[in-house]
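Student: Below is the structure I would like to discuss, written out as structure tokens.
The values are calculated or read from the model by the stated rules, or taken from the named source; none is laboratory data. Predicted model, so just to flag it, every value in this text is computed and none were measured. Positions of Cβ are generated from backbone atoms using ideal geometry, with glycine treated the same way; all protein chains shown enter the neighbour counts. Keep in mind that these areas ignore ligands, DNA and RNA; they rest on the heavy atoms of the full protein, side chains included. Shrake-Rupley method; radii C 1.70, N 1.55, O 1.52, S 1.80 Å.
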Amino acid sequence: MIRKIKCNLQFKLTAAFLAFTLLLFSLLGIFVNFLLEKQFENYIIDKITQKNNEIVSNLEMRYTDSDWKWEEAGLEYIGVNALGDSLIIRISNVQGTVLWDATKHDSGMCASILQNLAENMQNHNAAFNGGYKEKTFDITVGQKVVGSVSIGYFGPYYYTDNDIHFLNSLNKFLLLGTLITAAVAIVFGAFLAKWLSSPISRVIRAAGQIAQGKYNDRIHEKSNTKEILELASSVNTLAETLSKQEILRKRLTANVAHELRTPTANLQSHIEVMIDGIWKPDAARLMSCHEETIRISKLLSDLEKTTRFEADNLILKKETFDLTALILKITKSFENDIAVKHIHVTQELSTRYLTADKEKIEQVIVNLVSNALKYTPEDGHVDIRTDETSESVLISVDDSGIGISNEDLPFIFERFYRADKSRNRATGGSGIGLAIVKFLAEAHSGAVTVESKPGLGSKFTVTLPKER
Ligand code: ADP
């Protein structure tokens with residue numbers, strides 16, 4: 001099984017930088033070598049041609065025009081000079097008589113020149129296919145051919161010791177350049193990697209603190225790298241969400257505990273006094289205990305209800321239904337409460353149809369209307385309206401009830417939160433009605449808002465997006 005080795009970002013960046021530099025220089029080396037070799041080859045071939053021409057024109061100049069004779073010392077000078085350039089020449093007059101021959105002059109030297117060049121070429125390129133070549137040129141003076149010269153050389157081209165030295169030095173420079181650049185790449189890569197990875201490491205450390213439950217910690221990383229700022233901001237948002245969730249969880253636990261405390265304390269004290277024989281367990285007392293157990297079990301079933309509502313798999317069964325008819329039906333179902341409290345209910349229902357989950361919207365309206373009736377004193381009024389904009393449908397329930405204080409307003413949509421601190425059971429609720437309203441509105445991609453003034457009344461508005 002192949003195990004993946006985990007390397008840190010710094011190592012990876014340095015290695016990538018180094019690999020890139022080496023690759024670049026290797027390619028550059030191959031390219032430069034290939035180009036250079038070709039150029040150098042052409043240059044050497046041109047140089048051989050140029051030298052041949054020089055030899056021919058020198059010989060033409062050495063021919064003494066006045067008495068149509070060769071100057072013999074001059075011929076030797078030209079021949080020896082040509083040997084210096086690794087060219088083996090043989091000069092003949094027009095009759096074919098050899099006037100000067102390099103192989104006669106110094107046969108050992110000629111052989112060693114050819115041998116040396118063959119070795120140079122073989123060492124430089126083992127596949128080089130070359131050997132002794134000879135070219136013959138006429139020597140012409142004043143339109144008249146006065147002789148000829150055969151120039152022997154190692155062909156098709158040859159590199160002298162100097163040429164080989166030049167090529168080797170160039171390659172050495174290239175190699176040195178690669179090594180220096182690789183060293184610079186390592187240093188620069190390591191620096192760059194550290195520069196890039198340090199803020200990430202700091203964000204990781206800060207995120208680690210948050211992961212340990214320090215939700216109030218924030219990352220204050222100052223960076224001019226957009227992604228790092230975004231990462232820090234995402235982690236901060238996450239911490240904020242976790243912190244809010246944590247506060248909600250604590251508050252929920254406190255609210256549930258608070259709700260459970262009263263009935264369980266009542267139940268406990270009632271049973272204790274009955275065990276101690278202070279109270280007789282008569283029907284009325286047992287009934288009172290029974291009521292407390294009903295309160296506890298109602299609370300537990302409410303808790304269950306909210307958990308069920310908040311389950312991720314809440315599926316909305318959307319349909320187009322008559323919203324006006326639904327509101328009229330709900331109002332009718334509260335007829336008794338309305339009559340008992342002499343509440344004046346008005347309805348301004350300008351939106352007839354709505355596409356949504358009818359059952360869930362019914363639950364939303366029931367909760368809002370029941371709260372309005374619950375928290376509105378006798379002879380008050382409740383106004384139910386529907387309205388619409390191009391984007392959404394609005395359902396509002398406005399009452400002239402007790403209102404909600406500013407301190408309570410931010411929390412009323414939390415599960416089991418009740419603004420009335422005495423937890424007076426007279427109103428009967430357990431504090432989950434609005435949590436359900438909020439959840440169902442949001443499940444429809446909508447929202448619920450509240451405006452309230454203590455003593456004057458409250459207005460709850462549910463906004464639901466129109467289905468396209
Ligand atoms: P409850 O079952 O206690 O009514 P809700 O979640 O429906 O639970 O409401 C939460 C709290 O918000 C209530 O306990 C009450 O204090 C406050 N509240 C809700 N609706 C109104 C209203 N129309 N007028 C005044 N207070 C309200």
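Student: Which of SER350, VAL149, ALA183 sits farthest toward the positive end of the charge dipole of the chain, with +1 on the Cβ of Lys and Arg and -1 on the Cβ of Asp and Glu?
Tutor: My answer, from the dipole projection, is SER350.
Student: Ok, one more. With axes computed from alpha carbons, what is the tilt in degrees of helix 323-333 against the longest principal axis of the chain, rounded to the nearest 10 within 0 to 90?
Tutor: The two axes meet at around 30 degrees.
Student: Assign unit charges at the C-beta atoms only (+1 for Lys and Arg, -1 for Asp and Glu), then state the dipole size of the range 246-319 relative to its Cα centre in Debye, rounded to the nearest 20.
Tutor: The dipole of the range 246-319 has a size of about 220 debye.
Student: Is the range 347-468 best put as rounded, prolate or oblate by its Cα gyration tensor, with a ≥ b ≥ c the root eigenvalues, rounded for a/c under 1.5, and otherwise prolate when a/b is larger than b/c, oblate when not?
Tutor: Prolate, because a/c is 1.5 or more and a/b exceeds b/c.
Student: At a 1.4 Å probe radius, carbon and sulfur cover how many percent of the accessible area of the chain?
Tutor: 58 percent
Student: From the P(r) of the range 222-268, can you give the percent of Cα pairs sitting at distances over 16 Å?
Tutor: The calculated P(r) of the range 222-268 puts 61 percent of pairs beyond 16 Å.
Student: Based only on Cα atoms, what Rg/Rh ratio does the range 23-62 have, Rh being taken as Kirkwood's radius?
Tutor: My calculation puts Rg/Rh at 1.41.
Student: Another question about this same structure. Between 0 and 90 degrees, rounded to the nearest ten: what's the tilt of helix 358-374 against the longest Cα principal axis of the chain?
Tutor: With rounding to tens, the tilt is 50 degrees.
Student: Ok, one more. Work out from phi, with θ = phi - 60° and the Karplus expression 6.51 cos²θ - 1.76 cosθ + 1.60, the ³J(HN,Hα) of each residue of the range 50-62, listed in order in whole Hz, and give x for Gly and Pro.
Tutor: 3J(HN,Hα) across the range 50-62, in whole Hz: 5, 5, 4, 4, 4, 4, 4, 5, 5, 5, 4, 6, 6.
Student: What value does the range 127-182 have for Rg/Rh, both radii from Cα atoms and Rh as Kirkwood defines it?
Tutor: Looking at the range 127-182, the ratio lands at 1.35.
Student: OK, next. Regarding the range 29-148, what whole-number volume in Å³ per residue does the convex hull of its Cα atoms give?
Tutor: Each residue corresponds to 112 Å³ of Cα convex hull volume.
Student: Equivalent ellipsoid semi-axes for the range 83-190, as square roots of 5 times the alpha carbon gyration tensor eigenvalues: give them largest first, rounded to whole Å.
Tutor: With the √(5λ) rule applied to the range 83-190, the semi-axes are 45, 15, 11 Å.
Student: Just list whichever of LYS298/LYS453; LYS298/LYS318; LYS298/LYS341 have alpha carbons separated by over 27 Å in the model shown.
Tutor: LYS298/LYS453; LYS298/LYS318
Student: Within the range 251-273, find all residues whose amide N lies under 20 Å from a label point positioned 7 Å from the Cα of LEU286 along Cα-to-beta-carbon.
Tutor: The answer is 266-273, whose backbone nitrogens lie closer than 20 Å to the label point.
Student: GLU348 accessible area, nearest 10 Å², 1.4 Å probe?
Tutor: Approximately 100 Å² of GLU348 is accessible to the 1.4 Å probe.
Student: Using just the helices of the chain, give the 222 nm mean residue ellipticity in deg cm²/dmol: DSSP H runs with n ≥ 4 each add -39,500 (n - 2.57), and the total is spread over all residues, rounded to 500.
Tutor: About -19500 deg cm²/dmol.
Student: Moving to a separate point now. Accessible area per residue, 1.4 Å probe, Å², for the chain: what's the number?
Tutor: 60 Å²
Student: Given axes a ≥ b ≥ c from the Cα gyration tensor, I'd like to know whether the range 162-239 is rounded (a/c under 1.5), prolate (a/b larger than b/c) or oblate.
Tutor: The shape class here is prolate.
Student: How large is ³J(HN,Hα), in whole Hz, for each residue of the range 217-228 in order, when computed from phi with the Karplus curve 6.51 cos²θ - 1.76 cosθ + 1.60 and θ = phi - 60°, using x for Gly and Pro?
Tutor: Couplings: 5, 10, 8, 10, 6, 9, 9, 9, 9, 4, 5, 5 Hz.
Student: Can I ask one more? Placing +1 at every Lys and Arg Cβ and -1 at every Asp and Glu Cβ, with all other atoms neutral, what dipole size does the chain have around its Cα centre, in debye to the nearest 20?
Tutor: 1740 debye
Student: Further, regarding this structure: Starting from the Kirkwood Rh over alpha-carbon pairs, what translational D in µm² s⁻¹ does the chain have by Stokes-Einstein at 4 °C and 1.567 mPa s?
Tutor: Estimated via Stokes-Einstein, D reaches 39 µm²/s.
Student: With a 1.4 Å probe and all protein chains kept in place, how do ARG251, ARG202, ARG308 rank by accessible area, largest first?
Tutor: ARG308, ARG202, ARG251
Student: Moving to a separate point now. Equivalent ellipsoid semi-axes for the range 371-414, as square roots of 5 times the alpha carbon gyration tensor eigenvalues: give them largest first, rounded to whole Å.
Tutor: Semi-axes, largest first: 23, 17, 7 Å.
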